[in-house]
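J.: Pasting a structure here, questions to come.
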Amino acid sequence: MFLSVYKTTLKNLFRSLLFWLVIALLIGSSLYEAFSGGSGYYSDELGEMIWDTDPRYVLVEATYVKDAINNCSYTMLYAMPLMAIVSTFLILSRDYSDGFYEIERAGGRRTLHYLTGRLSALLTVNFIAILLTVFMMSITYVFTRGGVSDMPIGEFWADLIPRTLRNVICVTWPPVAMFVCFTYMLGSLFKNGWVAAMGSSVYVLVNFVFNARLQFRIPEWYGKYLEPTPDTVFYYFYYYDYYEAEKFEEFLENRGTSFSLMLTSIGWIVGMALIYSLVSYFRIRRREV
């Protein structure tokens, strides 16, 4: 049953126009950010600021490393959470009308297979989406700035691939999974995809307003533990594998994070996703219609 549910869920997603529209939003907003940039440095020789949209701009390795992690933070500001919410909504919106669950249950299939099949399909699609998006943003930014100074192309690819995988898996993937599981739980509890989407979207809206308009008013506890990309995780990987060990530890101390805090934050997010999934399991198990 797991495979049949998994494949059916993927088919339902790929056949939806709304799914492709939210993919377009994710890609479009990400490319816009990569092209527009926003960083720069002051040139003593020229006596002016050189922005990263200027042909004279020189991209150094430290800026490339920061951009790689900032891409994760930007996609999690609103575009990727909306992708997770909308994709889950599309599955929930048909959950009580397509009769698929009733057919499978009549055949003696287990609730666990039904739930894991659907969640696995949603998590697969969203993981590929965030991985390709962040990877595309880094490539676009670097190559539109003429490459990384003093870094051969082979060395660049050897650094970019593991760095992107590490950043996505550790920084963005846990909160994406949490958004999917939380939205699915709301849909299971209220038997309504719209309620699930609106409930999850409130969190996205609050986070967007905090970061885009009221960043100076963000409570420290919110930034450290409740943001989609918590500071304790974000700053741990900010200069990961770039600084020497001593300087890296000094940077972590200045940013108020550490290896243990990073693991605790990731564990907290993953743990909440598992709890949401467990609630969904018991709700579906008691489902009558």
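J.: Scan segment 223-264 for residues that are modelled with pLDDT of 90 or more, assigned to a helix (DSSP H, G or I) and among the small types (G, A, S) and jot them down.
T.: S260, the sole residue that qualifies.
J.: Provide a single number: the residues in segment 243-271 that are within 26 Å of S200 (Cβ to Cβ) and open to solvent by less than 20 Å² (accessible area, probe 1.4 Å).
T.: Total satisfying the criteria: 3.
J.: Can I ask one more? Give the residue that is most open to solvent (accessible area, probe 1.4 Å), with candidates limited to residues of segment 3-61 that are part of a helix (DSSP H, G or I) and more than 30 Å from R94 (Cα to Cα).
T.: Residue satisfying both the conditions and the ranking: Y32.
J.: Could we say that Y240 is under 19 Å from A68 (Cα atoms) and surrounded by fewer than 21 Cβ atoms within 10 Å (Cβ to Cβ) here?
T.: Judged against the criteria, Y240 is a match.
J.: Take residues that are closer than 22 Å to P228 by Cβ and at pLDDT 95 or above and tell me which of the helices (runs of 4 or more DSSP H) falling wholly in segment 83-176 contain 1 or more.
T.: In segment 83-176, 111-144, 153-167 are the helices (runs of 4 or more DSSP H) which contain 1 or more residues that are closer than 22 Å to P228 by Cβ and at pLDDT 95 or above.
J.: Another question, if that's okay. State which residue pairs qualify: first residue under 13 Å from L123 (Cβ atoms) and inside segment 157-175, second residue among the hydroxyl-bearing types (S, T, Y) and in a helix (DSSP H, G or I) in any location, beta carbons under 8 Å apart, and separation of 6 or more residues or different chains.
T.: Listed pairs, sorted by first residue: T172/T75.
The values are calculated or read from the model by the stated rules, or taken from the named source; none is laboratory data. Computed from a predicted model, the values in this text were never measured in an experiment. Cβ atoms come from the backbone with ideal geometry, glycine included; neighbour counts cover every protein chain shown. Accessible surface areas use protein heavy atoms only, side chains included; no ligands, DNA or RNA. Shrake-Rupley method; radii C 1.70, N 1.55, O 1.52, S 1.80 Å.
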